[in-house]
Amino acid sequence: MEVEEKVQNAGESVPKAFFSAKKAAFMALAVALSYAVSLLEIPMPILGANFLKLDFGNVFIVLISFLLGPVEGVIICFLKEGLRCFTSSSLCAGEIANFLMTSVYLLLPSICYRYKRTLKTVLITLPCACLLATGTALLVNRFLVFPTFSYLFGGSIFGMTVKQAFAAFWPAVLLFNLIKTVSVSVITLLLYKRLSYVWKRFTA
């Protein structure tokens, strides 16, 4: 009888811990903040690429991935990009690309941090994550974003084929995503302790 009760309690504890009302509310708040901040875009015409715009919506996604875990971070990123799809001007190609890049960016540091919660872990993994996300950005722009915009613009981008446009703009895409990921990393480091304190008070 006692063994059965332990097994039953163990089976109930996992879903209760993962799908708690407080965690769901905290994640919903993160989705709302991430989406709202992502609408505040800053134009960054780097190397003639006037279509690049910087936003800091991913800060909240990365913060949650450190605080709650990588799965929660990916879920929030998916929901935030899903909301942006309703106002997408790129057949959701930009939103899909951002989901892939952000997921790649947050997985390595958040997984490592889950097993070793030290500042050293963060300082080592975040730069690696920036490089991984920037590499992913080049791939998704070449094979998803640029072809989609070429389709939307009638088969060309600024009068160039997809291959020609990517050859002209890939340095700008590379530099832009390095700036974006490094900026998000710095802001995340500055805000993490404060958010961690709020989460502890919220769940107390």
Could you list all residues from segment 102-133 that are under 26 Å from ASP55 (Cβ atoms) and free of Cβ contacts under 8 Å to residues at least 12 places away in the same chain?
LEU123, LEU131
For segment 94-106, enumerate the residues that are of a type in the set (A, V, I, L, M, F, W, C), touching a Leu at 6+ places or on another chain (Cβ under 8 Å) and buried (at least 21 other Cβ atoms within 10 Å of the Cβ).
ALA97
Please find, among GLY159, GLY155, the residue that is over 28 Å from THR188 (Cβ atoms), touching a Ser or Thr at 6+ places or on another chain (Cβ under 9 Å) and either touching a residue at least 60 places away in the same chain (Cβ under 8 Å) or exposed (fewer than 14 other Cβ atoms within 10 Å of the Cβ) (or both).
GLY155
Could you please give the count of residues in segment 52-90 that are more than 16 Å from the chain's Cα centre (by Cα) and buried (at least 16 other Cβ atoms within 10 Å of the Cβ)?
2
Keeping to segment 19-51, report how many residues are in a loop (DSSP other than H, G, I, E, B), modelled with pLDDT of 85 or more, surrounded by 12 or more Cβ atoms within 10 Å (Cβ to Cβ) and out of contact with any helix residue (DSSP H, G or I) (no Cβ under 8 Å at 6 or more places or on another chain).
1
Which residue pairs have Cβ atoms under 7 Å apart, sit 6 or more places apart or on different chains, and have a first residue in segment 23-48 that is free of Cβ contacts under 8 Å to residues at least 40 places away in the same chain and within 10 Å of LEU79 (Cα to Cα) and a second that is in a helix (DSSP H, G or I) and of a type in the set (D, E, K, R)?
none
Please go through segment 55-68 and pick out each residue that is touching a helix residue (DSSP H, G or I) at 6+ places or on another chain (Cβ under 6 Å) and not in a helix (DSSP H, G or I).
ASP55, PHE56, GLY57
Can you tell me which residues in segment 65-113 are hydroxyl-bearing (Ser, Thr, Tyr) and within 19 Å of TYR192 (Cα to Cα)?
SER65, THR102, SER103, TYR105, SER110, TYR113
Total residues in segment 119-139, condition among the aliphatic types (A, V, I, L, M) and either crowded, with 21+ Cβ neighbours inside 10 Å or in contact with a Phe, Trp or Tyr (Cβ under 8 Å, 6 or more places away or on another chain) (or both)
7
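The values are calculated or read from the model by the stated rules, or taken from the named source; none is laboratory data. Given the structure is predicted, the values throughout are model-derived calculations rather than measurements. Here the Cβ is made from the backbone with ideal geometry for all residues, glycine too, and neighbour counts use every protein chain on show.
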